[in-house]
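Here's the structure, in structure tokens; my notes come after.
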Amino acid sequence: MKALVLERNLPRFAASRVASLLGSGRGAGVGPLELLDVAPPEPPGEDWDHLQPLLSGICGSDLATLDGRSSRYFEDMVSFPFVPGHEVVGVLDGGGVDHSGQVLEPGTRAVIEPVLGCAPRHIRPPCPYCAGGHTGLCGNVAFGDVAPGLQTGYCSDTGGGWSTAGLVAHHSQVHRVPDSFSDEDAVMVEPTACAVHAVLAADIEAGAVVAVIGAGTLGLATVAALHHLVQYASPGTVMVGAKHSHQRQLAESLGADAAVAPEQLARAVRRRSGSLVLAGRLTDGADVVFDCVGSSDSLAASLAMVRPRGRVVVVGMPGRVSIDLAPLWHRELTLVGSYTYGVEPPLESSLPGRTFERAIGLVADAGLGSLVSATYPIERYEEAIVHAGSAGRRGAVKVAFDLRNRKGGSR
Amino acid sequence: MSPRPGFVVDVDRSTPPTLFWRGERFTLERLPEGSRVIYAPEPLDPLKDPAAAIRSALINPVGDQEPLPTQLHAGMKLTIAFDDISLPLPPMERPDIRQLVIEQVLDMAADAGVDDVELIVALALHRRMTEAELRHALGDRIYDAFAPNGLLTQHDAEDPAALVHLGQTDQGEDVEINRRAAESDLLVYVNINLVAMDGGHKSVATGLASYRSLRHHHNPVTMQHSRSFMDQHRSELHSSNWRMGRLIADSGVNVFQIESTLNNDTFPPAFAFLQKREWEWGVRDRLGFMTASKTLERTPSRYARQIFHSVRSPHRMASVQAGEVEAVHKLTTDNIWAQQGVAVEGQTDILTMGLPYVGPYNVNSILNPILVACLGLGYFFNLYRGKPLVREGGVVIMTHPTPWEFNPVHHPSYIDFFEQVLTETTDPIEVADRFEESFALDPWYIHLYRTGHAYHGVHPFYMWYWCAHALQHLGAVIIVGGDEAAVHRLGFRAASALSDALEMASDMVGPSPSLTHLHAPPIMMADVR
């Protein structure tokens, strides 16, 4: 059985970082990632089940890791060697139990909520965040019965989605996939959940002007979440800055009121908000900006186009950035991160629910499975990763590994 | 030898290639046999003594107006308004006509003891002029005497305190103009009439008006009913301005109109070949063309733009007349036709035009894609009387690089218009209905118009409306050599060569179309029969 394994190998990380200067993902061939024969991971306890991946996506955070661009902040929250892949749909080949305690038959398709919080680590009592359902905020991601790893796909004990050997998932991580879902729909649930979490935490009021910077997977899922979870209840204006024309078309088809080139976004927001311009910033501007890129430039742009006392939500994973925070101070802005998922507040008459459940609903409503643009067998991982790193330029959105019918075999 | 009139040449095998402007460059194109090329008349002899002619005009006004000196007296309030940077094109060599005229008006005012005199640039919704531009137009003596004391101002169409609403015409059109001008004992308006559209009641009713007033005639319906707006008697744009002008007069505003025309001597000697007929080019002209075109080919666009915008035109005053607005304007129109008129028999299937680097709204600036459209379909297309040069359903082919480039200081609202309006629709009526007001009332554009050097927020709409008649009339518009994305954003078709454009046009006009090339500038007016 084969898996893509990432070793702690500093010379190879350095080589990958250099190669990535030619383009994200270019370091896959010279970096610390290798295709190896592996055995299936051992479950860390009886409340864990084996999941055989069908599709596993390549995420922006995976690319940052492979490119050697990830923040060193995460160093103590991963354990080597690990198999990447946290966007996973797979089959519980031996059956299992889902997050709600429901028993699932062998062969049931499931997606995993990859955060490795207190429950998978058998930490009792759980931390206050996990106790409240906000597992993404768990501080125990390096402790307990499982090796350090903030998520499946960064932990040496659990395996990851980029593997024909499969991975192990704690009951609390398992969500059954609706029968109506294609595998492509299902693999979009995890990134969609990140967007749902960001949008529902943003306190968007009726009539708000909302800007979204970036229209990769996260940006487009954010647009869909804004349209389906916010716009219906509180109509406003959603404007998107997207580099590539297919991204702009997709953003508009998912509900954006306007999708423009990134350099045009501030002007479009200015027009919509009737703002003046002072010191390169809008005097009024968007009520909320979702930064789905996480770079110095995108953060600076966010701060320049949000209104005083507005909110900038950082959805894309940032690293070390350099920005001028004077406007944040002067205009009393809120700069808030949005990481993964947990429990979301109720919508109208519904009860609070796990973000993943909302994401499953949104994937169905918005047809987000269509964002999966290309799949590759893991043997062609270099090609796949380069494709993912240049997805926008090449007219793609989500690139994934296709592991279907691969249990125990190699191709 | 008297100057030769305009001329239409039929292209045959012996006809040399024809010069086409392409922005800051030009090329020679071989037109199909049987094509027609319309050449402007040669420059009329200029007035031998412009100062004397101006003085004579001021002393011997036409129409129901008293001589200027008899209207000037101590204690009166005198305002002199004058055309802005949009005229003439290219800017003329010093001394500018405005300087020549205003100096004499001021001398007469001084002789009469008038001490309340103000000068106003009649900007309408154009950008404010810079000090250098004002010094060029007025001369240093006038500038230094008036500007430091706040007596030289630029019309502010967004300052409520500086406007006065004089009433509505019988068509319900609001007439709101500059308060100082309206409340003066005498308003002297100094025109440079480059084309037949300029002057008349349009000078005050447009040049000193507010958006509230301008919107009544600067709209797509009016423009579609101005055929052409160079022909006052068939121009709804002018009818509206005339109604407003008469209301202004009836309100007691005493307008002493001074209009001047220019001869066609447009380019300095280094570019003399630009206003000659190609088969008459001598060795010096051929060398001039070769040197200029080769040099410009290798020159980055921004530097080529600088070179051309530093060109000062040698054109000279061909006539000057003063007095009552309508009487003056009739003489002016006749004089413009005398210089620019060319008789043309019948329409054409395809009209080609080489667009130069400058139009009225990009002096010292960039001819952005919207202005390219306006220069071609607004101005060049409308250089006719009678019928359009091109038949209904015909094709206009323009050559211009049409860069996706804007001057953010001069044209900020153009950028947003291009990005946010033309992406939605290019239909002038829909553009007006859906977007005009929000641009016109946008406080940021108003701020930039009032305090910087920006055209008003609504101005790109007017440029698009200028195209409305052509857009309604034509079957297709093709731009040769333009930035493809920018050309498509305008709703036009892009071709890389004239031959490709002609092939594309055949879809609309058949395989053996008639073709006419408008060999401008120098400017001409086609009298199409």
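Here are a few things to note about the model shown:
- Scan of segment B:438-453 for residues that are within 12 Å of chain A (Cβ to nearest Cβ) and within 25 Å of B:Phe229 (Cα to Cα), ordered by number: B:Phe439
- Residue in segment B:506-514 that is away from chain A (no Cβ under 14 Å), farther than 24 Å from B:Arg215 by Cβ and in a strand (DSSP E or B) present: no
- Flag for A:Glu205 being more than 27 Å from B:Leu448 (Cβ to Cβ) and within 13 Å of another protein chain (Cβ to nearest Cβ): no
- Taking the numbered list (1) closer than 13 Å to A:Leu333 by Cβ; (2) within 14 Å of chain B (Cβ to nearest Cβ); (3) free of Cβ contacts under 8 Å to residues at least 40 places away in the same chain in turn, A:Leu278 passes all entries but (1).
- Being at pLDDT 95 or above, β-branched (Val, Ile, Thr) and closer than 28 Å to A:Val38 by Cβ is a condition met by at least one residue of segment A:360-376.
- Set side by side, the residues B:Asn254, B:Asn263 differ, and just one is within 30 Å of B:His217 (Cα to Cα), of a type outside the set (A, V, I, L, M, F, W, C) and buried (at least 17 other Cβ atoms within 10 Å of the Cβ), which is B:Asn263.
- The strands (runs of 3 or more DSSP E) falling completely within segment A:1-116 that include 3 or more residues that are surrounded by 21 or more Cβ atoms within 10 Å (Cβ to Cβ) map to A:2-6, A:48-57, A:88-92, A:108-112.
- Count of residues meeting criterion [surrounded by fewer than 20 Cβ atoms within 10 Å (Cβ to Cβ), within 12 Å of chain B (Cβ to nearest Cβ) and of a type in the set (Gly, Ala, Ser)] in segment A:238-272: 2
- Qualifying residue in segment B:52-60 (condition: surrounded by fewer than 21 Cβ atoms within 10 Å (Cβ to Cβ) and among the charged types (D, E, K, R)): yes
- Residue in segment B:446-460 that is farther than 26 Å from B:Tyr384 by Cα, at pLDDT 95 or above and aromatic (Phe, Trp, Tyr) present: yes
- Taking the conditions (1) at pLDDT 95 or above; (2) within 18 Å of the chain's Cα centre (by Cα) in turn, B:Phe229 satisfies each one other than (1).
- Scanning segment A:285-317 for residues that are within 14 Å of chain B (Cβ to nearest Cβ) and either in a strand (DSSP E or B) or more than 20 Å from A:Ser234 (Cα to Cα) (or both) yields a single hit, A:Met305.
- Residue match in segment B:465-482 (condition: within 29 Å of A:Ser273 (Cα to Cα) and within 14 Å of another protein chain (Cβ to nearest Cβ)): no
- Residue check for A:Asp324: within 14 Å of another protein chain (Cβ to nearest Cβ), charged (D, E, K, R) and assigned to a loop (DSSP other than H, G, I, E, B): no
- Some residue of segment B:241-260 being of a type outside the set (A, V, I, L, M, F, W, C), within 25 Å of B:Gly457 (Cβ to Cβ) and under 19 Å from the mean Cα position of the chain (by Cα): yes
- Unmet criterion (only one of (1) farther than 21 Å from B:His456 by Cα; (2) within 16 Å of the chain's Cα centre (by Cα); (3) not small (Gly, Ala, Ser)) for B:Asp83: (1)
- Matching option when the condition is part of a helix (DSSP H, G or I) and modelled with pLDDT of 95 or more, among B:Ile177, B:Ile142, B:Ile85, B:Ile80: B:Ile142
- Any chance B:Asp45 is of a type in the set (D, E, K, R), crowded, with 16+ Cβ neighbours inside 10 Å and part of a loop (DSSP other than H, G, I, E, B): no
- Candidate set: segment B:396-437, residues that are of a type in the set (S, T, N, Q) and either within 11 Å of chain A (Cβ to nearest Cβ) or touching a residue at least 24 places away in the same chain (Cβ under 8 Å) (or both); chosen: the one farthest from A:Leu265 (Cα to Cα): B:Thr399
- Scan segment A:190-207 for residues that are in a loop (DSSP other than H, G, I, E, B) and among the hydrophobic types (A, V, I, L, M, F, W, C) and the total you get is 4.
- One residue alone among B:Ala132, B:Ala124, B:Ala137, B:Ala147 is surrounded by fewer than 20 Cβ atoms within 10 Å (Cβ to Cβ) and within 21 Å of the chain's Cα centre (by Cα), and that residue is B:Ala132.
- When segment B:61-73 is limited to residues that are part of a loop (DSSP other than H, G, I, E, B) and out of contact with any Phe, Trp or Tyr (no Cβ under 8 Å at 6 or more places or on another chain), the one that is surrounded by the fewest Cβ atoms within 10 Å (Cβ to Cβ) turns out to be B:Asp64.
The values are calculated or read from the model by the stated rules, or taken from the named source; none is laboratory data. If you're wondering where the values come from, they're calculated on a predicted model, not measured in any experiment. For neighbour counting, all protein chains shown are included, and Cβ atoms are generated from backbone atoms with ideal geometry for every residue, glycine included.
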